1. Given Leu138, Leu133, which one is free of Cβ contacts under 8 Å to residues at least 24 places away in the same chain, open to solvent by 50 Å² or more (accessible area, probe 1.4 Å) and out of contact with any Pro (no Cβ under 8 Å at 6 or more places or on another chain)?
2. For segment 21-50, enumerate the residues that are at negative phi, surrounded by fewer than 17 Cβ atoms within 10 Å (Cβ to Cβ) and over 14 Å from the mean Cα position of the chain (by Cα).
3. Looking at segment 37-72, which of its residues are free of Cβ contacts under 8 Å to residues at least 24 places away in the same chain and assigned to a loop (DSSP other than H, G, I, E, B)?
4. Can you name the condition, by its number, that Ser156 falls short on among (1) among the small types (Gly, Ala, Ser); (2) farther than 22 Å from Ala53 by Cβ; (3) not in a loop (DSSP other than H, G, I, E, B)?
5. Among the candidates Ala87, Ala128, Ala151, which residue alone is modelled with pLDDT under 95 and of a type in the set (A, V, I, L, M, F, W, C)?
6. Can you name every residue in segment 1-36 that is among the hydroxyl-bearing types (Ser, Thr, Tyr) and in a helix (DSSP H, G or I)?
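The values are calculated or read from the model by the stated rules, or taken from the named source; none is laboratory data. Because the structure is a prediction, the values reported are computed rather than measured. Because the Cβ atoms are built from the backbone with ideal geometry, glycine has one as well, and the counts that use them run over all protein chains shown. These area figures cover heavy atoms from the full protein model, side chains too; ligands, DNA and RNA do not enter into them. Shrake-Rupley method; radii C 1.70, N 1.55, O 1.52, S 1.80 Å.
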Amino acid sequence: MDQNQLDILWSEREIRAVLQRYCRGLDRLDEELVKSAYHEDAYDDRGVIRGNAHDFVKQIVPILRDTYTGTLHTLHGSTIEVDGDSAGVETYCTAYHYRESDGIKRVEQFAGRYIDRFELRDGVWKIARRVVLNDFSLAQEVPLDPAEAQAGFNPSRRDATDVSYQVLPLSGPDAPTV
């Protein structure tokens, strides 16, 4: 394997880490962690919200906190094509959002794709431009009381008190800036 191939493999690894950090930040309601996935001047286009990605993050984290009692963002396959200091990336994703409204418990599911242009700046890969595509969405009532389904499990937390921050301190709010 030559150095160019190693560089591409390392770049792909770094890009996947950024994608994971973005999802983790959303689910932990960690605004700084989500913003760390984007360059300062990044553009985010979700159709209904378009503009600077950091402004989007400032909007979406309070919405997730105030509207939902839990979220789970998952990533599936990614196609990554590295070309020097930029990369085209398509990532399949599913997001689950749980909430109660008017006494009805619901799970909302979003299935789509992140279409990203990543750029390597100062040795760091981040998203420079993102378009989110909706392949399908659905909402379902939850027939089982979630407390019954969750009985006995360790609880998840939607902030820095989540146990994950004990094992992943470098990606939390006290992480050193790169």
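1. Sole residue among the options that is free of Cβ contacts under 8 Å to residues at least 24 places away in the same chain, open to solvent by 50 Å² or more (accessible area, probe 1.4 Å) and out of contact with any Pro (no Cβ under 8 Å at 6 or more places or on another chain): Leu133.
2. Of everything in segment 21-50, those that are at negative phi, surrounded by fewer than 17 Cβ atoms within 10 Å (Cβ to Cβ) and over 14 Å from the mean Cα position of the chain (by Cα) turn out to be Glu40, Asp41, Asp45, Val48, Ile49, Arg50.
3. Answer for segment 37-72, where residues must be free of Cβ contacts under 8 Å to residues at least 24 places away in the same chain and assigned to a loop (DSSP other than H, G, I, E, B): Val48, Ile49.
4. (3)
5. Ala151
6. Step one: filter segment 1-36 for residues among the hydroxyl-bearing types (Ser, Thr, Tyr), giving 11, 22, 36.
Those that are among the hydroxyl-bearing types (Ser, Thr, Tyr) and in a helix (DSSP H, G or I): Ser11, Tyr22.
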